[in-house]
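As structure tokens, the structure follows; a few thoughts come after it.
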Amino acid sequence: MMTKAIQSPAFPYLGLPIIVAGILFLRAGSTDAFITLLLLLVAVFGYIASVTDIKAKKIPNKLIISMMASWIVIMLPKIFWDTDAAIAIAADSALGFVIGGGLFLLVYIISRKGLGGGDVKLVAAIGLYLGYGGVLSVMLVGTILGSLFSLTLIMAKKIGRKDAIPLAPFLYIGLLFVCFVVA
């Protein structure tokens with residue numbers, strides 16, 4: 001039986017302050033506050049996407065649009081105070097968006113919607129924040145962990161081969177790997 005605290009709507013979001021504090025702690029010596037802000041935003045949005053995907057088996061378009069709009073709002077001032085760096089970041093971000101979203105869109109099409117459309121949009125949006133190198137790492141770690149989890153459930157006969165599992169939590173683990181280890 002679940003306790004009332006676990007049933008409350010706020011419970012799934014209790015881990016978010018710990019993740020934010022961890023990113024701030026690890027980036028405390030960094031002189032690039034802009035990158036730290038991008039990492040914090042993508043960590044928050046990814047966390048919300050993961051919890052939503054677990055609960056509703058769907059990643060809302062409003063969340064993805066908010067994610068992309070936030071990236072634009074963060075980038076605009078950067079263009080005025082450090083144009084050269086902003087152009088380099090924007091080019092890397094565009095590559096991350098196209099490569100991450102494009103590869104997942106290809107899988108979505110080939111698998112005949114075996115991959116969720118929300119996952120495709122989420123990876124494209126993560127590509128904006130992390131660039132092509134970061135999004136490739138997220139995709140690699142996330143899909144490997146998701147596959148291992150699915151295979152374990154299939155072998156334990158908990159799910160069938162055609163059953164869906166939420167992929168966003170595994171992509172989020174990949175995202176945290178990039179935020180805490182790579183970035």
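The values are calculated or read from the model by the stated rules, or taken from the named source; none is laboratory data. Everything numeric in this text was worked out from a predicted model, so none of it was measured. Cβ placement follows ideal geometry from the backbone for every residue including glycine, while neighbour counts extend to all protein chains displayed. SASA here: full protein model, heavy atoms, side chains in, ligands and nucleic acids out. Shrake-Rupley method; radii C 1.70, N 1.55, O 1.52, S 1.80 Å.
The table below lists the values:
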item	result
Enumeration of residues in region 64-79 that are open to solvent by 70 Å² or more (accessible area, probe 1.4 Å) and closer than 11 Å to LEU128 by Cβ	ILE72
Filter result (surrounded by fewer than 21 Cβ atoms within 10 Å (Cβ to Cβ), closer than 16 Å to PHE170 by Cβ and either without any contact (Cβ under 8 Å) to a residue 40 or more places away in the chain or of a type outside the set (A, V, I, L, M) (or both)) within region 44-57	ILE48, VAL51, THR52, LYS55, LYS57
Extreme residue, nearest to THR52 (Cα to Cα), among residues of region 129-160 that are of a type outside the set (Val, Ile, Thr), in contact (Cβ under 8 Å) with a residue 40 or more places away in the chain and open to solvent by less than 20 Å² (accessible area, probe 1.4 Å)	TYR129
Whichever residue in region 161-180 is more than 15 Å from the chain's Cα centre (by Cα) and among the hydrophobic types (A, V, I, L, M, F, W, C) and, among such residues, is least open to solvent (accessible area, probe 1.4 Å)	ILE165
Among residues of region 80-110, those that are farther than 21 Å from GLY134 by Cβ and either of a type in the set (D, E, K, R) or open to solvent by 70 Å² or more (accessible area, probe 1.4 Å) (or both), counted	4
Subset of region 106-140 (residues that are part of a helix (DSSP H, G or I) and more than 16 Å from GLY96 (Cα to Cα))	VAL107, TYR108, ILE109, ILE110, GLY117, GLY118
Some residue of region 93-100 being out of contact with any helix residue (DSSP H, G or I) (no Cβ under 7 Å at 6 or more places or on another chain) and assigned to a helix (DSSP H, G or I)	yes
Of residues in region 155-173 being touching a helix residue (DSSP H, G or I) at 6+ places or on another chain (Cβ under 8 Å), of a type in the set (A, V, I, L, M, F, W, C) and outside any loop (DSSP other than H, G, I, E, B), the one farthest from LYS121 (Cα to Cα)	ILE173
Given (1) at pLDDT below 90; (2) open to solvent by 50 Å² or more (accessible area, probe 1.4 Å); (3) out of contact with any helix residue (DSSP H, G or I) (no Cβ under 7 Å at 6 or more places or on another chain), index of the condition LEU26 fails	(3)
Qualifying residue in region 2-18 (condition: among the small types (Gly, Ala, Ser), at pLDDT 95 or above and surrounded by 10 or more Cβ atoms within 10 Å (Cβ to Cβ))	no
For ALA125: the one exception among (1) closer than 18 Å to ALA43 by Cβ; (2) open to solvent by 30 Å² or more (accessible area, probe 1.4 Å)	(2)
